[in-house]
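Just below is one structure, and these are the notes that go with it.
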Amino acid sequence: MNLSYYPPCFYILYHLIFNVTTDTKKVKKKNIGNLKIHIKKNKKLNKRKNLVFIIFYWYFIIIMKFELKWLAWEITRRCNLKCVHCRSSSEMEVSQHPDFSREFGFNLLDQIAEFDTKPVVVLSGGEPLLREDWHDFACYGTEKGLRMCLATNGTLVNNEICQKIKDAGIKMVSLSLDGADAGVHDNFRNQPGAFDGTINAAKLFKENDIKFLINSSFTKRNQQEIPKVWKLAKELGATAWYMFMIVPTGRGEDIMDELISAEDYEELLKWHYQMEKEEDEILVRPTCAPHYYRIKTQVAKEEGERIQHRTLQFSTGGAKGCLAGQLILLVNVDGEALPCSYFPLSAGNLHEQNLKDIWENSALLKELRDFKGYKGKCGNCEYLNICGGCRARAYAMTGDYLDEEPFCNYVPIKMSRKK
């Protein structure tokens, strides 16, 4: 990244923190030199506030070093459920995508441990508990200094599994819950009893003092459940609740007509912002909803409020939108390194390349990190640096991962002036 580049989002942040007018037109070249001049000319600010702003600026630069912070690892494609939205079309028999060898698994953990950031590693699937050696991988990762986590649908969890989770040093477990009752959840998961299994897992985690978060996926068929699921997640004692609007990959391609409309999407994200401001019991955030950070900025400005970003345990985000290939990665069961869990194009194969080589040199990842290459509304948007649009959703809907976010109604100032 060019360190002289001064992100437009910081003019917005500058305004929100200090409640002063910032005219971006006056700053022709957005670089650190202009930043100093701009601060010096603004007599409304004292030195202390200037310092706080500069710290925010350098904090953003540090974040955008494109360091690997979080890696989802599909240790099996097999699953005991057949969810309508599954990104990998998982089921019990997946002969074309067999489990990798133990040797490959341990070697991959060695490669991940070479990163100075010691990334969070989420054992995922499919259903990871179907693989007998999941515990061995978790223990080994913990020994290597990695922050190991587990993503499960919860239906296979029992007291024995809970003990193994604790023994392996698992830091966080994620559960999937897509409805506030069995009728809705089981329909979404295509399996009677799935809801009871998830609720039972949550109760066992509480009894065994295991931290867990809840991921909830929504389409038109269950979007009315959103406030109910949020409240249920709190009642169950979850550490966090993540609201996810699905990206249509895998089996999700079969339910394109169920995708939540752009208009409803906008309203739901506004609801989330108002809810988040008052929520002090549980961590919350929308997942794969990068324009939430545009909405937060806009609404906060309208209401004369300061944005407060809360710390998210064992996950990324909290202050920026799409992180695909920038801070996160998925390694699937075939050894393909994908920019995120919903991005089907590979940045390289771990059977042929080293993980660090892929992270640093992949042409695909470099494209995703070059915001100047983004097209349409995203490429012209003043919120590009805090949003970026969902690259996986753009690819799923248009076939071009650099295209604009297809479920965002916002028209950038630059484009609205041209009309």
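The values are calculated or read from the model by the stated rules, or taken from the named source; none is laboratory data. Fair warning: this is a prediction, and the values are worked out from it, not measured in the lab. Cβ: placed from backbone, ideal geometry, glycine included. Neighbour counts: every protein chain shown. Keep in mind that these areas ignore ligands, DNA and RNA; they rest on the heavy atoms of the full protein, side chains included. Shrake-Rupley method; radii C 1.70, N 1.55, O 1.52, S 1.80 Å.
Equivalent ellipsoid semi-axes for region 129-213, as square roots of 5 times the alpha carbon gyration tensor eigenvalues: give them largest first, rounded to whole Å.
One finds semi-axes of 25, 12, 11 Å for region 129-213.
In whole Hz, with x marking every Gly and Pro, tabulate ³J(HN,Hα) for region 256-273 from phi via Karplus 6.51 cos²θ - 1.76 cosθ + 1.60, θ = phi - 60°.
Listing the rounded values in order: 4, 6, 9, 5, 4, 5, 4, 5, 5, 4, 4, 5, 5, 5, 5, 4, 4, 4 Hz.
In square angstrom, rounded to the nearest 10, how much accessible surface does K270 have for a 1.4 Å probe?
For K270, the solvent-accessible surface is approximately 80 Å².
In nm, give the distance between the simple-model label positions of D209 and K228, each being 7 Å from the Cα along the Cα-to-Cβ direction.
Distance between the two pseudo-spin positions: 3.5 nm.
Hey, quick one: spin label on K356, modelled 7 Å out along Cα-Cβ, who in region 136-151 has an amide N within reach, i.e. under 17 Å?
144-146
Beta carbons within 10 angstrom, averaged per residue: use that to sort the peptides 336-348, 393-405, highest first.
336-348, 393-405
Within the set of other residues whose C-beta is less than 9 Å from the C-beta of V120, count the net charge using Lys and Arg as +1 and Asp and Glu as -1.
Once all neighbours under 9 Å are counted, the net charge is +4.
Cβ neighbours within 10 Å, averaged per peptide: list 115-121, 148-154 in order, most packed at the top.
148-154, 115-121
Across region 156-164, in residue order, what do the Karplus-derived ³J(HN,Hα) couplings come to in whole Hz, using 6.51 cos²θ - 1.76 cosθ + 1.60 with θ = phi - 60° and x for Gly and Pro?
9, 6, 9, 5, 5, 4, 4, 5, 5
Rounded to the nearest 0.05, what FRET efficiency do R102 and N158 give with R0 = 30 Å and r taken as the Cβ-Cβ distance? Could you check?
My answer for the efficiency is 0.80.
Which net charge results when you count Lys and Arg as +1 and Asp and Glu as -1 among the other residues whose beta-carbon is under 11 Å from that of F212?
Around F212, the surrounding residues sum to +3.
State which entries of K82/K206; K220/K301; K69/K228; K320/K372; K220/K375; K171/K301 exceed 25 angstrom in Cα-Cα distance in the structure shown.
K82/K206; K220/K301; K69/K228; K220/K375; K171/K301
In sequence order, what are the phi-derived ³J(HN,Hα) couplings for region 138-145 according to the Karplus relation 6.51 cos²θ - 1.76 cosθ + 1.60 with θ = phi - 60°, rounded to whole Hz, with x for glycine and proline?
With the stated coefficients, region 138-145 comes to 5, 4, 5, x, 4, 4, 7, x Hz.
Going by amide H atoms built from the backbone, whose H comes under 5 Å of the H on S174, apart from near neighbours?
L150, A151, T152, L213
Using a simple spin-label model with points 7 Å from Cα along the Cα→Cβ vector, what separation in nm is obtained for A182 and K375?
Each label point is offset 7 Å from its Cα along the Cβ direction, giving 4.9 nm.
Let me cross-check C79: its accessible surface, 1.4 Å probe, with only protein heavy atoms counted, in Å² to the nearest 10?
20
Over region 214-366, what is the mean sequence separation of C-alpha contacts under 8 Å (at least six apart), divided by residue count, expressed as relative contact order in percent?
Value for region 214-366: 16 percent.
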